[in-house]
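**Student:** This is the structure I have questions about; it appears just below.
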């Protein structure tokens, strides 16, 4: 049972091949017209042959019908000349001729079996009214023709027609002719056999052409696959180019773009690992130096021990903060991580955050201002959103100038909550603005070291905003300050969770 199922799946898999589909399409495009052409030719031949046979017989019957009147055959069927003509017609077409008079009596039957009998049929009645009929019976292979025996006389009436002649036609009888169509069928069968041979040869040629064309047409896609495999296996690192088709150009362009992104991601990963190693190693190195300094000294005063232990505790706190931020960032990266969505009054949340951060700003004489344009309710994870907004505001405080200001504006439109975090601090150089959300990235490493931090705050903040399907935009001018524009949907799109 499993073997049969696997075979069926294998067949279905083959049909999914572009090469097989092109082969089938070319085969059908070539084969179907030949079948239709063959059928059309045979049908045309059959119709033409039957029509030609009917016309020939009708012409001969008209001649014999005139002779019937000349020899007065309808009243006396003993004329040897007419009987000979009727016999020749019957033998020539392997058929039967019946002569019927006006009273539907059979005067002559070349088969000699119906003479003296009466024949009444639709064809005979129609012929007695002057209508020539013909019928081809494809099942029994015979042709039946009725020919009226017409007596044409001249009638003169000087009073009515001023000596003009008028022809008068009187139907004296019917000539019913049935002939065999076996020779037509024989020729048709011969034509069919020859057409079948031609069609078979054409099918073989079509199969060969379809196979060759399918191989040629799919070859560029094979080159794309080979090139991608070479990159995957590490034999090739440069971008690939297969310009044979527009489709391959699009595929290659998309892959090259993906390759470029992968290189950037790989470089970012390497830089991230390097930065993480450096950030984690620095506090450990400092603690090691402090501990070694204590161990190398004898009779160290208690005050020095306390001082060194305070420094070691600070380094431990620094290490703990780095690890905490890294764990928070990892959680933010998980798109499927569950958000605890609840209805939040954004104005109150911002007021609580600013109340907690104002003491830090006061140490540097920085004013923290809050402008609430309107009351804003939104659906969000309060913990993660608080973490994001806190990082934006704290960043504005850290990288500000003494006696500067930080202004937070809370507003909304019909769809989004709008938060603006503005400062008049040192600003961000234009060449660094596209990198500030990268992990461990610092605009001025020497100045950042004095301020503190590990370069993870904005990365965490942006990830939290993105988890809420929001966005962050930046405006900054070096030496004049920075503005962050944060947009978060008022209604969380629950249907997109986990995608």
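**Student:** Suppose we keep only residues that are closer than 23 Å to residue 104 by Cα and loosely packed, with under 11 Cβ neighbours inside 10 Å within segment 132-168. Which one would you say is modelled with the lowest pLDDT?
**Tutor:** Out of the qualifying residues, it is 153.
**Student:** Can you name every residue in segment 360-384 that is within 26 Å of residue 490 (Cα to Cα) and assigned to a strand (DSSP E or B)? Spell out how you get there, then give the answer.
**Tutor:** Within segment 360-384, the subset within 26 Å of residue 490 (Cα to Cα) is 368-384.
Those that are within 26 Å of residue 490 (Cα to Cα) and assigned to a strand (DSSP E or B): 368, 369, 370, 371, 372, 377, 378, 379, 380, 381.
**Student:** If you don't mind, there's one more thing I want to ask. Inspect segment 84-93 for any residue being touching a residue at least 24 places away in the same chain (Cβ under 8 Å), in contact with a helix residue (DSSP H, G or I) (Cβ under 7 Å, 6 or more places away or on another chain) and more than 23 Å from residue 170 (Cα to Cα) and give the result as yes or no.
**Tutor:** Checked segment 84-93: at least one residue is touching a residue at least 24 places away in the same chain (Cβ under 8 Å), in contact with a helix residue (DSSP H, G or I) (Cβ under 7 Å, 6 or more places away or on another chain) and more than 23 Å from residue 170 (Cα to Cα).
**Student:** A further question on this structure: Can you find, within segment 40-78, the residue that is farthest from residue 132 (Cα to Cα) among those that are crowded, with 16+ Cβ neighbours inside 10 Å and under 60 Å from the mean Cα position of the chain (by Cα)?
**Tutor:** Per the stated criteria, the residue is 45.
**Student:** If you don't mind, another one. Within segment 223-235, is even one residue farther than 29 Å from residue 16 by Cα and modelled with pLDDT of 70 or more?
**Tutor:** no
**Student:** Scan segment 296-350 residue by residue and report those that are modelled with pLDDT of 70 or more, within 28 Å of residue 387 (Cβ to Cβ), in contact with a helix residue (DSSP H, G or I) (Cβ under 8 Å, 6 or more places away or on another chain) and not in a helix (DSSP H, G or I).
**Tutor:** 339, 340, 341, 342, 344
**Student:** Here is a list of conditions, (1) surrounded by fewer than 20 Cβ atoms within 10 Å (Cβ to Cβ); (2) more than 25 Å from residue 267 (Cβ to Cβ); (3) modelled with pLDDT of 90 or more, and residue 423 meets all of them except one; can you say which number that is?
**Tutor:** Of everything listed in (1) surrounded by fewer than 20 Cβ atoms within 10 Å (Cβ to Cβ); (2) more than 25 Å from residue 267 (Cβ to Cβ); (3) modelled with pLDDT of 90 or more, residue 423 misses just condition (1).
**Student:** So, one more: Please state which one of 9, 27, 86 is within 30 Å of residue 213 (Cα to Cα), at pLDDT 85 or above and either outside the structural domain of residue 144 (by TED's automatic domain parsing) or in a helix (DSSP H, G or I) (or both). Let's see the steps before the verdict.
**Tutor:** Numbers: 9 fails: at pLDDT 85 or above; 86 fails: within 30 Å of residue 213 (Cα to Cα).
Being within 30 Å of residue 213 (Cα to Cα), at pLDDT 85 or above and either outside the structural domain of residue 144 (by TED's automatic domain parsing) or in a helix (DSSP H, G or I) (or both) holds for just one of 9, 27, 86, which is 27.
**Student:** Give me a count of the residues in segment 388-409 that are part of a strand (DSSP E or B) and crowded, with 22+ Cβ neighbours inside 10 Å.
**Tutor:** If we filter segment 388-409 for residues that are part of a strand (DSSP E or B), which is where we start, we get 405-409.
Imposing the further condition that a residue be crowded, with 22+ Cβ neighbours inside 10 Å reduces the set to 406, 408.
Total meeting the criteria: 2.
The values are calculated or read from the model by the stated rules, or taken from the named source; none is laboratory data. Since we're looking at a predicted model, the values are computed, not measured. Positions of Cβ are generated from backbone atoms using ideal geometry, with glycine treated the same way; all protein chains shown enter the neighbour counts.
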